[in-house]
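Below is one structure, written out as structure tokens; comments come after it.
The values are calculated or read from the model by the stated rules, or taken from the named source; none is laboratory data. Fair warning: this is a prediction, and the values are worked out from it, not measured in the lab. So basically every Cβ, Gly included, is an ideal-geometry build from the backbone, and we count neighbours across all protein chains shown. Side chains included, ligands, DNA and RNA excluded: accessible areas come from the protein's heavy atoms. Shrake-Rupley method; radii C 1.70, N 1.55, O 1.52, S 1.80 Å.
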Protein chains: 2
Amino acid sequence: MFSIGELSKRTKVKVPTIRYYEEMGLLAEAERTAGNQRRYDKDGLERLSFIRHARDLGFSIEAILSLIELQDHPDRSCEAANSIATSQLVSVRAKIKQLKALEKELVRISKGCDGSGVSEDCYVLASLSDHGLCDREH
Amino acid sequence: MFSIGELSKRTKVKVPTIRYYEEMGLLAEAERTAGNQRRYDKDGLERLSFIRHARDLGFSIEAILSLIELQDHPDRSCEAANSIATSQLVSVRAKIKQLKALEKELVRISKGCDGSGVSEDCYVLASLSDHGLCDREH
DNA sequence: CTTGAACCTCTAGTCACTAGAGATCGTATA
DNA sequence: TATACGATCTCTAGTGACTAGAGGTTCAAG
């Protein structure tokens, strides 16, 4: 049995975040000492590791709640879990695509500016003002 | 002179968002009719287009405020604006890198699941539970 | 038994909006 | 000129996933 601070150290999840997860129903309510402090065991550690890993992968709290439910009712959960993972993959790919477009435009904008500080008109500001200079729609 | 709804249509920025930008100091306080409704002109339209474009590129409200200040004090603003754009580019690239790592892992997780629904243990859930299965740190 | 770090709960703040209530305004039509 | 009704106004509160701080209590070492 260890304290919330100990759990925090082991999982790299901040103490207030652990309490927040409990409040959101991601973590079961922890056992308490006589003095009302939370105590955790191996199970709690594993579940929090699972949550942290899923959060790192960009799953929302809501999606994680679904995954946890699936864990508790393992019949045919594989398909359901896979569909959650797949939809996460789809949104990650969409984000990458969008960011790459942004990268391209930012490169273009930066290139126009030679950094000499001599030019009267700033190309960065002009680019942002005049959408007509863009390659793409957004 | 046109209404906030008209401005919204032309810029594709929602009406409450325009009011929010005004409150945040991104847009100057608009002129008002006798009946207290906002009225805009070409200047307002251009500034809002600038803001929308910058937001689309992922600049924060704060960064946009800096850019607007630079516009109002154009002496040597090019370097400053360029440095804001460059730091934006750096963070966009960092996000892309991170998302690509996530994509890789999600692909790996999904591949493990054959979707047949036959397997007792779900590879998706196992992958999320056991960090040791990951290729990388996160 | 004392000290002080760690813990507790509660409220409020973050960012960039979005939603809704309830009241007023502007304009097209009768 | 009267009426209808969509657009506008202000204000408050909600979103997601935390983070920060106040003010008080508990635990464990010395």
**Message:** List, shortest first and in nm to one decimal, how far the label point of A:Gly35 (7 Å from Cα along Cα→Cβ) is from its counterparts in the other copies.
**Reply:** 6.6
**Asked** Residue-wise, which Karplus ³J(HN,Hα) couplings in Hz belong to segment A:88-95, taking 6.51 cos²θ - 1.76 cosθ + 1.60, θ = phi - 60°, and x for glycine or proline?
**Response** 5, 4, 4, 6, 5, 5, 5, 5
**Prompt:** In nm, one decimal, shortest first: how far is the label point of A:Glu46 (7 Å from Cα along Cα to beta carbon) from the matching points in the other copies?
**Reply:** 6.5
**Asked** Using a Förster distance of 45 Å, how high is the FRET efficiency between A:Ala126 and A:Met24, based on the Cβ-Cβ distance and rounded to 0.05?
**Response** 0.45
**Total charge dipole magnitude, segment B:1-73, about the Cα centre, Cβ charges on Lys, Arg, Asp, Glu only, Debye to nearest 20** = 460
**Asked** Taking a threshold of 26 Å on the Cα-Cα distance, which of the pairs A:Lys100/B:Lys42; A:Lys104/B:Lys12; A:Lys12/A:Lys100 fall above it?
**Response** A:Lys100/B:Lys42; A:Lys12/A:Lys100
**Prompt:** To the nearest 10 Å², what's A:Lys104's accessible area with a 1.4 Å probe?
**Reply:** 140
**Asked** What part of the accessible area of segment A:1-73, given as a whole %, is carbon or sulfur when the probe is 1.4 angstrom?
**Response** 46
**Message:** Through the Karplus equation 6.51 cos²θ - 1.76 cosθ + 1.60, θ set to phi - 60°, convert the phi angles of segment B:101-109 into ³J(HN,Hα) values in whole Hz; use x for Gly and Pro.
**Reply:** 5, 5, 4, 4, 5, 5, 4, 4, 5
**Request:** Please average, across the residues of A:53-63, the number of beta carbons from any other chain that are within 10 Å of each residue's own beta carbon, and give a whole number.
**Result:** 4
**Complete:** Taking only protein heavy atoms and a 1.4 Å probe, the highest-to-lowest accessible-area order of A:His53, B:His73 is B:His73, A:His53
**Prompt:** If you draw the axis that swings chain B onto chain A, which residue of B has its Cβ closest to it, and how far is that in whole Å?
**Reply:** B:Ile96, 3
**Qualifying GluC sites (Glu not before Pro) for segment A:1-52 [loop in DSSP, other Cβ within 10 Å: at most 16]** = A:Glu29
**Request:** Sort shortest first the distances from B:Gln98 to its counterpart in every other copy, using label points 7 Å along the Cα-to-beta-carbon line, and give them in nm.
**Result:** 1.5
**Asked** Between chains B and A, what is the buried accessible area in Å², counting both sides, with a 1.4 Å probe and ligands, DNA and RNA left out, to the nearest 100?
**Response** 4300
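Restricting to Cα pairs below 8 Å that are 6+ residues apart, what does the relative contact order work out to for segment B:1-73? Please round to a whole percent.
Across segment B:1-73, relative contact order equals 32 percent.
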**Complete:** Under a 1.4 Å probe, counting only protein heavy atoms, A:Met24 has an accessible area in Å², nearest 10, of 80
